[in-house]
1. Would you check which residues across the stretch 21-52 are closer than 16 Å to Ile3 by Cβ and among the aliphatic types (A, V, I, L, M) and list them?
2. Can you find a residue that is exposed (fewer than 15 other Cβ atoms within 10 Å of the Cβ), aliphatic (A, V, I, L, M) and not in a strand (DSSP E or B) anywhere in the stretch 47-67?
3. Pairs please, first residue from the stretch 1-29 and closer than 12 Å to Val40 by Cα, second anywhere and exposed (fewer than 14 other Cβ atoms within 10 Å of the Cβ) and hydroxyl-bearing (Ser, Thr, Tyr), Cβ atoms under 6 Å, 6+ apart in sequence or on different chains.
4. Is it fair to say Ser23 is modelled with pLDDT of 95 or more and of a type in the set (Ser, Thr, Tyr)?
5. Looking at the stretch 4-39 only, could you name the residues that are surrounded by 15 or more Cβ atoms within 10 Å (Cβ to Cβ) and part of a helix (DSSP H, G or I)?
6. Quick one: in the stretch 37-60, of everything that is hydrophobic (A, V, I, L, M, F, W, C) and out of contact with any strand residue (DSSP E or B) (no Cβ under 9 Å at 6 or more places or on another chain), which residue is farthest from Asn26 (Cα to Cα)?
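The values are calculated or read from the model by the stated rules, or taken from the named source; none is laboratory data. All values reported here derive from a predicted model rather than from experimental measurement. Using ideal geometry, Cβ is built from the backbone for each residue, glycine included, and neighbour counts are taken over all protein chains shown.
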Amino acid sequence: MPIKSYLAHPHDGKKEELIKALSSLNECEVIPAENKDVLVVVTETETKAAEEILKQKLETISSLKLLAMVSGFNTPIKN
């Protein structure tokens, strides 16, 4: 189960638009900074294929200026 965290930077004046776009994705949790135009985004997907699909969705968000991964790991499924 891939879990990754990012810092997301919106284009100027597009923070609220970016929050809405990211929040609409089931795999994303969004935490906006209170004093800066930056968002913390945590993603969780079931498979690497689902992670690739999410990556493609993120690349289509027009209000997103920069997405920098902070941490990522894969938790193996336990039987």
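1. Going residue by residue through the stretch 21-52, those that are closer than 16 Å to Ile3 by Cβ are 22, 25-31, 40-52.
The answer is Leu22, Leu25, Val30, Ile31, Val40, Val41, Val42, Ala49, Ala50.
2. Yes, the stretch 47-67 has at least one match.
3. Pairs found: Ser5/Ser71.
4. Numbers: modelled with pLDDT of 95 or more: yes; of a type in the set (Ser, Thr, Tyr): yes.
Here the answer is yes, as Ser23 does meet what is asked.
5. Lys15, Glu17, Leu18, Ile19, Ala21, Leu22 - these are the residues of the stretch 4-39 that are surrounded by 15 or more Cβ atoms within 10 Å (Cβ to Cβ) and part of a helix (DSSP H, G or I).
6. In the first step, residues of the stretch 37-60 are kept if they are hydrophobic (A, V, I, L, M, F, W, C); the result is 38-42, 49-50, 53-54, 58.
Narrowing further to those that are out of contact with any strand residue (DSSP E or B) (no Cβ under 9 Å at 6 or more places or on another chain): 49, 53.
Numbers: Ala49: 15, Ile53: 12 Å.
Looking at the filtered set, the residue picked out is Ala49.
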